[in-house]
Amino acid sequence: MDTLTQTEKKPRRKQEDRTSDARARIIEATVRCLYKVGYSGVSTAMIAKEAGVSRGNIFYHFGTYAELMVAVRDAVYQEERQLIEDIRARVGTRAYLDQVPRYVLAGMRREPAIAVDEIMLAARSDPELSEKLRQTEKTIEQRAVEDFAALYAELGLEPPHNLAILSRVAVAAFRGLAIAELVQGEDAKIDECIEYLIRLLQVSETIGPIGE
């Protein structure tokens, strides 16, 4: 009986691996397509060709086009979170917090982050995508604030009282700078902007709650 049970489990694990691999290929292909041609230029046929799967296979794994885009958003976030953790482990928590704006901006300049920008802009005119993405973004924001609070706690420091607002403003600013660079190139003067933004964020940490 034990041997039979073990034999039955093996194909299931292999199927899970195949499913995971297929989903990953589709998500990675979608990121590449979004970066190359933008949301309006992407089609399921293009993604299928890029991923080496059938169009039916895409909807087998994701159900709807909106679900695929939300899965891309979540996968990019998970990848960025792991990259940040790798950097923190390499340079140390204190050094990471001191330079976090530069690390975040570097992430925003990467192809996956630009692909996410395309998805977020497209959600404005897609009710299903907008609804699904709104909850995903809420969860991501909450996790980001919790992660930063944990880093401050690790150092024995009290996080800024306005950490959630600081995080939201910073992410929006970094995303805007990355998009500006795509359009304006060197004229966007990203390096000067990031230095100024860092000083603004440092000052904003000392500002009391709104209404005081």
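The values are calculated or read from the model by the stated rules, or taken from the named source; none is laboratory data. It should be emphasised that the depicted structure is a prediction, and the values quoted were computed from it without experimental measurement. Note that we place each Cβ from the backbone using ideal geometry, even for glycine, and neighbour counts take in every protein chain shown.
Which residues, counting only those in the range 195-206, are modelled with pLDDT under 85 and not polar (S, T, N, Q)? Walk me through it before giving the result.
In the first step, residues of the range 195-206 are kept if they are modelled with pLDDT under 85; the result is 197-206.
Residues satisfying the conditions are L197, I198, R199, L200, L201, V203, E205.
With the checklist (1) out of contact with any Asp or Glu (no Cβ under 7 Å at 6 or more places or on another chain); (2) touching a residue at least 24 places away in the same chain (Cβ under 8 Å) in hand, flag the one item P112 doesn't pass.
(1)
Which of the residues belonging to the range 36-64 are closer than 20 Å to D126 by Cα, more than 18 Å from the chain's Cα centre (by Cα), in contact (Cβ under 8 Å) with a residue 40 or more places away in the chain and in a helix (DSSP H, G or I)?
S40
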